[in-house]
Amino acid sequence: MNVLNGIKLLIDIKLPLKDPIPIFSLVLFIILLAPIILRKFRIPSIIGLILAGMAIGDHGFKIIEKGSIDLFGKAGLLYIMFLAGLELDMTEFRKNRNRSLVFGAFTFFIPLILGYVICMYVLHFNFMATLLVSSMFATHTLVAYPLASRLGITKNEAVTVAVGGTIITDTAVLVILAIITGAAAGNLNTQFWIRLSVSLVVFATIILWIFPMIGRWFFKKIKDDKTSHFIFVLALVFLAAFLAELAGVEGIIGAFLAGLALNQLIPHTSPLMNRIEFTGNALFIPFFLISVGMLVDLRVLLKGPEALLIAGVLTTMALVSKYLAAFFTQLSFGYTSTQRNVIFGLSSSHAAATIAVILIGFNMGIINEHVLNGTVVLILITCLAGSFVTESAGRKLAIIEAERKPATEDTQERVLVPISRQGHMEPLLDFALMIKDPDTHTPIYPLAVVQDDEEAKQKVALTNKIMEAAVMYAGATESKVQAVTRIDLNVSDGIARAAKELMITDVVLGWTDKNNSTTERLFGSIFGTTLDNVLQSVRETIYVCDFHYPLNATKKLVLVMPKNAEYEIGFLHYIQKVFLLSKQIGARLMICCSTNTQKAIEAYLQQFKLSIEINFKQFDNIEELLLLAKDITKNDLVMVVAARKGTLSHRPYLDGMPGRLSRHFPAHNIVLIYPEQQEIDYIEAGVQPEDLTLAPIQEQLANLNKLGKAVRRILKGKR
């Protein structure tokens, strides 16, 4: 009986569907199956979703009612623009902003001028229709951007320039659209120009200046609620789109600027970034592509020669003008043909702003039905062409970039994160994920060391729960995680044994004791041992971290280096990590070091052609560390390079550095770096490292030197 009722219910279903439950179910199955099926025919998933939208829409089998998924479709469009701004490498963008301006000018003026000529003298449109349609040629939508993102080429200069040019040309087109609508309504007067100019300035100021301030405050106050972080970001994106519409431009401009504003607050390897990308790629963006397909009506080609002529001319003009813009950009900056094709593929798709321009023009009576239908065909063909070209050229570019990467050492980097309390787990794992090379496939190793005593079994059970939480947290970033538990006589021995067994290259530690001025009891209740013991037994790079707020709230990273730091064998390794951390958290980098150290860093940057903005500050004496306090604000991350005793860069002053940093920077995020050192073999039985150090004598000589300077200043003052 239930089966018969179910069959009857299916028969009684009327098309198009209006109930949101079957609509949502059908669309989800399309999102799931369309890419899988069409992948067999080597058709990009983007095109599969557009074709599926054509099949289920009003111009296909009329399965879904028109407008039923518009909400998700519009959200997907905003999401594409938001991700484009969020994933933009701001260092590369600032470096190539002039090139983005040049490409933006090419991709705006070339289609606008050629379109004006074609519409006026070939299609014989009136002036308003000519201006509207030719401006439509200038705009484009980053429909193929998810393909570039999936191929891992979003940081290539060609992609950066294409994204930067997109916002320039779309902004210009949408401003023209506002002018056209104002003229058509008879409101094109002085008051209109004043209102448009003021609203755009106010809108841009709110997004680019106030949004980052609000975001940094929110992330510092709400530290552990990851759901609130995600909802907060979504709210800002849609608020930015709404503010853009209030300012008289399309919401996609606001979404892109929101991505730029939050770019420095959302590290690319963070769980938050993973959630944002996952939600967009799984739901919002596929809904948008399906909604684009639902607009396409291939039957317009059967409505006589005029429809065919207009559709053919518009489509040809759109592709040719965008190719010319990419070609002239290639000539201007010496790009390869592959980079030119990537730029053309990304900028040739017409969808979002194109639909906005044409629909407004159609509703106002500026253009007729033939132009509207021809534009819909244009959207289909340009989206197909752009996706094919982007995927083909993007694969070649990804292979070229992989071959150009500098050769690395055979040793794979492995990061060890000793953890004992869940409250300190997340900041340390965040730091470890940010300094880990994204191209290495080795996991992060959270480590729990249990002291071998009568309560070891109970402690292991408790520790396993903490390790499970660590694996779940780091796994949210889709990073490999391998939890490790050790039972040993003490924590420092457990860390040392794990570092040797796992061939660890970097160790991330944390401290909690803020009141101790010596290295003794640095880890306090976490480890119950001294930093000296760990430094003696672990020769790899060690990061001692004290975090008070999330790293993504950092505005500036201040790296303080002692004299001769460039001569340590671990110098280049931790410098790479600092550069990577700076890019991940989007913070400006200030390095306080000697002249020789600065030259070594600049030589490294030049050798590997790295584009990193660094502000160097002359700093020769580590004992003058507190003089830097005036250059350090509450939102800065302070990183100090220390050294083990007996090394070239070691100074007695460094031994008390943890206590000094805790006292003088109690509310700052602090990282103390101990560079990798060569392990020393002691042939003589009973000889320990501390037996071979001249530190006591050096300390006394340093004290005598200070005393002499003080006496000389007193005598000089009496004179």
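How far, in nm, would the chain grow between residue 225 and residue 29 when pulled straight, counting 0.36 nm per residue and subtracting the alpha carbon separation? Provide the component values of the computation, followed by the final result.
On the way: separation 196, 0.36 × 196 = 70.56 nm, distance 3.17 nm.
The residue 225-residue 29 span can extend by a further 67.4 nm.
Using the count of nearby Cβ atoms within 10 Å as a rough guide to exposure, how do 119, 545 rank from fewest to most? Kindly include the intermediate steps, with their values, before the conclusion.
Numbers: 119 26, 545 23.
Lowest to highest Cβ neighbour count: 545, 119.
May I ask you to evaluate 6.51 cos²θ - 1.76 cosθ + 1.60, the Karplus curve with θ = phi - 60°, for each residue of the stretch 567-578 and list the ³J(HN,Hα) values in order in whole Hz, giving x for glycine and proline?
8, 6, 5, x, 4, 5, 5, 6, 5, 4, 5, 5
Of the listed values (1) 30.5, 112; (2) 26.4, 87; (3) 27.2, 91, identify the label whose number matches Rg and Dmax of the Cα atoms in Å calculated from this model.
(1)
If I model a spin label at residue 660 and residue 213 as a point 7 Å from the Cα along the Cα→Cβ vector, what separation in nanometres do I get?
It is 3.5 nm.
Could you please rank 362, 242, 579, 344, placing first whichever residue has the fewest other Cβ atoms within 10 Å of its Cβ? Before the final figure, lay out the partial values.
Numbers: 362 17, 242 12, 579 21, 344 26.
Fewest-to-most ranking of 362, 242, 579, 344: 242, 362, 579, 344.
Is the shape of the stretch 99-206 rounded, prolate or oblate, going by the alpha carbon gyration tensor and its root eigenvalues a ≥ b ≥ c, with a/c under 1.5 for rounded and a/b larger than b/c for prolate? If you can, show how the numbers build up before the last one.
On the way: a/c = 2.74, a/b = 1.36, b/c = 2.02.
Here the stretch 99-206 falls in the oblate category.
Can you sort 583, 577 from fewest to most other Cβ atoms within 10 Å of each residue's own Cβ? Mind dumping the intermediate values first?
Working: 583 21, 577 24.
The order, fewest Cβ neighbours first, is 583, 577.
Please list the non-local residues whose amide H lies under 5 Å from the amide H of residue 17, H modeled 1.01 Å from N, same-chain partners needing a gap of 5 or more.
Here 64, 65 satisfy the definition.
Return the long-range amide H neighbours of residue 486 (sequence gap of 5 or more, or a different chain), with a cut-off of under 5 Å between placed amide H atoms.
Close amide H contacts, sequence-distant or interchain: 448, 449, 450.
In whole Hz, with x marking every Gly and Pro, tabulate ³J(HN,Hα) for the stretch 20-32 from phi via Karplus 6.51 cos²θ - 1.76 cosθ + 1.60, θ = phi - 60°.
x, 5, x, 4, 5, 4, 4, 5, 5, 5, 5, 4, 6
Extending each Cα 7 Å along its Cβ direction at residue 630 and residue 331, get the distance between those two points in nm, one decimal.
5.4
What ranking, highest mean first, results for peptides 597-607, 143-153 when packing means the other Cβ atoms within 10 Å averaged over each residue? All intermediate terms of the calculation are to be shown ahead of the outcome.
Numbers: 597-607: 15.5, 143-153: 22.8.
Averaged packing, sorted descending, gives the order 143-153, 597-607.
What does the charge count near residue 291 come to, summing +1 for each Lys or Arg and -1 for each Asp or Glu among other residues with Cβ under 12 Å from its Cβ? Don't jump to the answer; show the numbers that get you there.
Details: positive: 66, 74; negative: 58, 70.
That works out to 0.
Can you bin every Cα-Cα distance in the stretch 2-403 into 10 Å intervals starting at zero and give me the percent of pairs per bin, rounded to whole numbers?
5, 22, 32, 27, 11, 3, 1, 0
May I ask which residue of 148, 61, 261 lies farthest towards the positive end of the charge dipole of the chain, with charges of +1 (Lys, Arg) and -1 (Asp, Glu) on Cβ and the Cα centre as origin?
261
To the nearest 20 debye, what is the magnitude of the charge dipole of the stretch 549-670 about its Cα centre, counting +1 on the Cβ of each Lys and Arg and -1 on the Cβ of each Asp and Glu? Mind dumping the intermediate values first?
On the way: 16 positive and 10 negative charges, 54 e Å.
I would put it at about 260 debye.
Quick check: net charge around residue 140, other residues with Cβ under 14 Å of its Cβ, Lys/Arg +1 and Asp/Glu -1? Don't jump to the answer; show the numbers that get you there.
Working: positive: 322; negative: 170, 250.
Here the count lands on -1.
Give the shape of the stretch 549-670 as rounded, prolate or oblate, defined through the alpha-carbon gyration tensor: a ≥ b ≥ c are the square roots of its eigenvalues, a/c under 1.5 means rounded, and otherwise the shape is prolate if a/b is larger than b/c and oblate if not.
Details: a/c = 1.69, a/b = 1.04, b/c = 1.63.
Here the stretch 549-670 falls in the oblate category.
Kindly work out what percent of the DSSP beta bridges joining two residues of the chain are antiparallel, to the nearest 5. Before the final figure, lay out the partial values.
On the way: 5 of 43 bridges.
Around 10 percent antiparallel, to the nearest 5.
Work out how much length residue 363 to residue 61 would gain on full extension: take 0.36 nm times their residue separation and subtract the Cα-Cα distance, in nm to one decimal. The partial results should precede the final answer.
On the way: separation 302, 0.36 × 302 = 108.72 nm, distance 2.58 nm.
Difference between extended and current length: 106.1 nm.
Please compute the modelled spin-label separation between residue 239 and residue 572, points set 7 Å along Cα→Cβ, answer in nm with one decimal.
Placing both labels 7 Å beyond Cα along the Cβ direction yields 4.7 nm.
So if I take the centroid of the Cα atoms in the stretch 633-664 and the same for the stretch 312-338, what is the distance between those two points in Å?
Spelled out, the Cα-based centre of one part sits 54 Å from the other.
So if each residue of separation counts as 0.36 nm, and I subtract the Cα-Cα distance between residue 202 and residue 392, what length gain in nm does that give?
Value of the extension gain: 64.3 nm.
Using a Förster distance of 45 angstrom, determine the FRET efficiency expected from the C-beta separation of residue 461 and residue 440, and round it to 0.05.
About 0.90, to the nearest 0.05.
Under a point-charge model restricted to the Cβ atoms of Lys and Arg (+1) and Asp and Glu (-1), what is the dipole moment magnitude of the chain relative to its Cα centre, in debye to the nearest 20?
Working: 66 positive and 60 negative charges, 348 e Å.
Around 1680 debye, computed over the chain.
Apply the Karplus parameterisation 6.51 cos²θ - 1.76 cosθ + 1.60, with θ equal to phi minus 60°, to every residue of the stretch 603-610 and state each ³J(HN,Hα) to the nearest whole Hz, in sequence, with x for glycine and proline.
5, 5, 4, 6, 5, 9, 6, 8
FYI, it's all coordinate maths here, none of it is from the lab. The structure presented is a predicted model; accordingly, all values stated were derived computationally and were not measured. Please note: Cβ atoms are built from the backbone with ideal geometry, for glycine as well, and neighbour counts cover all protein chains shown.
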